[in-house]
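Asker: Sharing a structure below in structure tokens format, with a few things to ask.
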């Protein structure tokens, strides 16, 4: 029996916060700068959630500020790492060090270089000034926050500290500016943009789903996959590493997505109902209860409910969390199957035409990578991906076809029909309401002949209230994107059907792939994964748009 997950088992290891550094080669008061760094990191600790996180100091390791900050972080923040990014080849870089103390400077550099977890030497294509400018901008772009040890004076040459700080400011990167003489924080800007993925992972870790329920769902999912593996001739032990790694997080992300979706949809539906009810209440009060203030109080409550339900940060948070957790769940679902062919670490960059969503995906992919990091690096066989056995590929192909490709194809096909049916139902309802409204308006022509005063008021109420209800239904139809979603899902189902046919055609797998080390099966799995993530990103771009609120 699988041991139940404890409350801390599903906590994600937060990615390290990347801290870039730029500054002068000669420092007036190194001791003051070190004291200033303590204040900087205290500020960062207050800004970041109370989760465990570590730091990566990104430094070109030039003399002075670059090395001082790197050394201080490594010595004072346990678990920190150094990422060295040089503006040119190391041997050439040596020649830029102080002429009078070059031997000592090289020894100091080499000691830090040896401690670096990651080392890069950028290709120098111009002058030294061009190289310094390039490496400075590179440091800014890859870090979460930049620490600048700067005297505030204009740059005295190309690639100086002033230029790097200006680049960070123009692009609104998080920045701490320390004075080199007193070590005081002169500026702290754009700190709300510092490590937003840390905040997302912190929120994820705070979400509590019952441990027993998570274990049950993960085990049920594993049993389904292993049962399918057995039926298709695949060793079910291959899937065992998923039990305590990906599947519990898949179960949690799926549960969170469903919870936030329900709350988000219910809030929106209720807001549309209250919006239509407010119009109906106002019309009824005017026609049947003139002068009754309780009617206007009821209308006020209904309008206030619309405001509370949809025009508050809570509403946007429900939408954001639903989309992020669903995206994470879908990526983890795919990773379970990609694991079978050692492709579970795949990520796909968002196409340019889909980069319109207000919800950045980087933090979700970082969460995915944090989860996948616990899987075996060499896959289930202990061999590299180039050494798959044909028998394994055949069984894996049958398993993936049945349990993933065809299952997802049927899901998209079914959901396409469901969305189209809901769209058609709403369209018919709208038409019926408009016909009734038109009929009520037409009857007014005869009100002087045979319509009583009471009936006349009822017709007036219908003429006002029914279009309001129709407007609410139309708003719900736009909000849910039933028609567009149906078309997208149908297109996705057709594409997966094409991949399914390719997987069942022997000729499609007989020719070796010359340009890559991937097997034909792996290539097809990559194609399927790319298609699915493209659909998920397109869904995010559509659903993530802020629509006008009900009213």
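Asker: Any residue in the stretch 226-241 that is surrounded by fewer than 18 Cβ atoms within 10 Å (Cβ to Cβ), in a helix (DSSP H, G or I) and touching a helix residue (DSSP H, G or I) at 6+ places or on another chain (Cβ under 6 Å)?
Answerer: The answer is yes; a qualifying residue exists.
Asker: While we're here: Confirm whether residue 216 is in a helix (DSSP H, G or I), surrounded by fewer than 20 Cβ atoms within 10 Å (Cβ to Cβ), without any contact (Cβ under 8 Å) to a residue 40 or more places away in the chain and not assigned by TED's automatic domain parsing to the domain that holds residue 45.
Answerer: Yes.
Asker: Moving to a separate point now. For residue 67, work out the one condition from (1) out of contact with any strand residue (DSSP E or B) (no Cβ under 7 Å at 6 or more places or on another chain); (2) under 20 Å from residue 188 (Cβ atoms) it doesn't fulfil.
Answerer: Residue 67 satisfies all of (1) out of contact with any strand residue (DSSP E or B) (no Cβ under 7 Å at 6 or more places or on another chain); (2) under 20 Å from residue 188 (Cβ atoms) except (2).
Asker: Enumerate the helices (runs of 4 or more DSSP H) found wholly within the stretch 297-405, keeping only those where 3 or more residues are surrounded by 15 or more Cβ atoms within 10 Å (Cβ to Cβ), at pLDDT below 75 and out of contact with any strand residue (DSSP E or B) (no Cβ under 8 Å at 6 or more places or on another chain).
Answerer: It comes to 362-372.
Asker: Among the residues of the stretch 141-169, count how many are closer than 13 Å to residue 23 by Cβ, within 29 Å of the chain's Cα centre (by Cα) and assigned to a helix (DSSP H, G or I).
Answerer: Adding up the residues that qualify gives 3.
Asker: Does residue 496 satisfy the criteria of being closer than 15 Å to residue 401 by Cα and modelled with pLDDT of 80 or more?
Answerer: Yes; evaluated as a whole, the condition is true for this residue.
Asker: With respect to residue 517, determine if the residue is modelled with pLDDT under 85, in the same structural domain as residue 396 (by TED's automatic domain parsing) and within 29 Å of residue 421 (Cβ to Cβ).
Answerer: no
Asker: Can you name every residue in the stretch 145-159 that is touching a strand residue (DSSP E or B) at 6+ places or on another chain (Cβ under 9 Å) and closer than 19 Å to residue 67 by Cα?
Answerer: 145, 146, 147, 148, 149, 150
Asker: Within the stretch 304-328, can you find the residues that are more than 30 Å from residue 208 (Cβ to Cβ) and either outside the structural domain of residue 529 (by TED's automatic domain parsing) or in contact (Cβ under 8 Å) with a residue 40 or more places away in the chain (or both)?
Answerer: Residue satisfying the conditions is 306 alone.
Asker: Go through (1) assigned to a helix (DSSP H, G or I); (2) touching a residue at least 40 places away in the same chain (Cβ under 8 Å); (3) surrounded by 17 or more Cβ atoms within 10 Å (Cβ to Cβ) and name the single condition residue 277 misses.
Answerer: With (1) assigned to a helix (DSSP H, G or I); (2) touching a residue at least 40 places away in the same chain (Cβ under 8 Å); (3) surrounded by 17 or more Cβ atoms within 10 Å (Cβ to Cβ) applied to residue 277, the lone miss is (2).
Asker: For residues that are at pLDDT 80 or above and over 29 Å from residue 543 (Cα atoms), scanning just the stretch 430-460, find the one that is surrounded by the most Cβ atoms within 10 Å (Cβ to Cβ).
Answerer: Among those that are at pLDDT 80 or above and over 29 Å from residue 543 (Cα atoms), it is 437.
Asker: Still on this model: Identify the single condition in (1) outside any loop (DSSP other than H, G, I, E, B); (2) modelled with pLDDT of 90 or more; (3) surrounded by 14 or more Cβ atoms within 10 Å (Cβ to Cβ) that residue 110 does not satisfy, given that it satisfies every other one.
Answerer: All conditions pass for residue 110, except number (3).
Residue-by-condition table, conditions (1) under 26 Å from residue 141 (Cα atoms); (2) touching a helix residue (DSSP H, G or I) at 6+ places or on another chain (Cβ under 9 Å); (3) assigned to a loop (DSSP other than H, G, I, E, B); (4) modelled with pLDDT under 65:
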| position | (1), (2), (3), (4) |
| --- | --- |
| 2 | no, yes, yes, yes |
| 5 | no, yes, yes, yes |
| 15 | yes, yes, yes, yes |
| 21 | yes, yes, no, no |
| 28 | no, no, yes, no |
| 31 | no, no, no, no |
| 52 | yes, no, yes, no |
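Asker: Quick one: is residue 141 at positive phi and either exposed (fewer than 14 other Cβ atoms within 10 Å of the Cβ) or free of Cβ contacts under 8 Å to residues at least 60 places away in the same chain (or both)?
Answerer: no
The values are calculated or read from the model by the stated rules, or taken from the named source; none is laboratory data. Everything quoted here is computed from the prediction, not taken from an experiment. In this analysis, Cβ positions are derived from the backbone assuming ideal geometry, glycine residues included, and neighbour counts consider all displayed protein chains.
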